[in-house]
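Below is one structure, written out as structure tokens; the observations come after it.
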Amino acid sequence: MVCDARALSDCTAPAPLMGWEEARAIGLSLARPVDGFATMPLAAALGRVTIAPCMSPVALPLFDNSAMDGYVLAVSGLTGPGPWTLPIAGRIAAGDSARELPPGAVLRILTGAPIPSGADAVVMQEHVRRDGAFITLDTPPSPGINIRRVGEDLSLGGEVLPAGRELGPRELGVLAATGQAEVAVRRSVRVALLCSGSELREPGETLAPGQIWNANRFLMSAALTLPWVELVDLGAVPDDPTRLAAALLQAADSADLVISTGGMADGDEDHMPRLLRENGGSVHALKVAIKPGKPVGIGRLGGAVHVGLPGNPVAAFVTWAMLGAPLLRKLAGFTDPLPVFQTARLSAPLIRKPGRAEFRPARLRPCGPDGLPLVELMAPNFSARIALLASADGLALIPATTDRLETGALVDFLRF
């Protein structure tokens, strides 16, 4: 179902639930990578996202160098039948300047040292016999053996990293190896978070009857503590339409993405879809065939994308992981915004009622004979059990149409 701002008030009759993959696709279609970039020193760029391809100003390796500790020589100098005994004319280590190989001799060479001119092979030290200032070898080496050639890892002007790559240890390492002290990254995504609910109190506060501590604030704040996110935490907002509308408008005024928890169902105090409509917003996906998390919505408010998560913390976690997080990653400019599932096998059979795709908390068990991990599905009544979620290793996906699976059946598994 797609309800825009004008038609939402007419969507009063029960409507079929939207498939979770369709809802995710709608969210991705609403997300556009944020504009703006910054040039940052490598030391400050961990976790940021490249805005353009990074090209290499040099070739790697920078020069021909030795891949081994050993002895460098010219293969053409090994004439006649072996074994061959050659004098050691010196030593060359990493950091030394390149030099010329004396005719008829070898040089002791260490890993990373430049290959001297006139040489074309490095013999491992284990493959020679050394006697004072001479070595003896029984087998001639192949030309080029144990030599790292200039440019064999990366050519001059070659692409080091594509656009949309998160900068981790490997990425920063290769940029440093090419001598680049700075990198252009996309600006952070501005995210505003608010948790609706008059019953919410902060951990540590004393609860009155009917009140609960605000788990969603800490669950979602932790999920959004990312190097490429600038988070504005608006805390809890009571179920008062005036205050909720003010909080939504404040959030949308400065954020790229507004995330709310609660208020998306059909109860008397569920105001979010109506408030979005009344304040010029739209809801493009509402009520999704996903368990847990049916009362979830995706739309826009002003210049921001809005993701309305359920108030139940387990449902908020699941719907964020499946629907919200890919949208956020696209806003951040990732080229691979979707979560990565692995294939696993069920450790026991499953019987359930079909209708909604189910993301069941599961524990990993040792791999089976085929090397695939086994997953043990946890309790079927998990939707409101945050302690059970905390003890899981990940989520197993049970497709909406599936009513039973046998032991050993293949499932998609998303590891936490």
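The values are calculated or read from the model by the stated rules, or taken from the named source; none is laboratory data. All of these numbers come straight from a predicted model, not from anything done at the bench. A quick note on method: Cβ atoms are made from the backbone with ideal geometry, for glycine too, and the neighbour counts reach across all protein chains shown.
Here are a few things to note about the model shown:
- Matching strands (runs of 3 or more DSSP E) fully within region 90-180 where at least 2 residues are more than 36 Å from the chain's Cα centre (by Cα): 106-109, 121-124, 129-131, 134-137
- Just one of the numbered conditions (1) within 25 Å of the chain's Cα centre (by Cα); (2) at pLDDT 95 or above is not true of Leu249: (1).
- Count of region 371-387 residues which are charged (D, E, K, R) and in a loop (DSSP other than H, G, I, E, B): 1
- In the set Arg277, Arg187, only one residue is out of contact with any Pro (no Cβ under 6 Å at 6 or more places or on another chain), farther than 30 Å from Ala59 by Cα and surrounded by 14 or more Cβ atoms within 10 Å (Cβ to Cβ); that residue is Arg277.
- Among the numbered conditions (1) on the phi > 0 side of the Ramachandran plot; (2) in contact with a Ser or Thr (Cβ under 8 Å, 6 or more places away or on another chain), the only one that Gly371 does not meet is (2).
- Those residues of region 156-172 which are of a type in the set (Gly, Ala, Ser) and out of contact with any Pro (no Cβ under 9 Å at 6 or more places or on another chain), in sequence order: Gly158, Gly168
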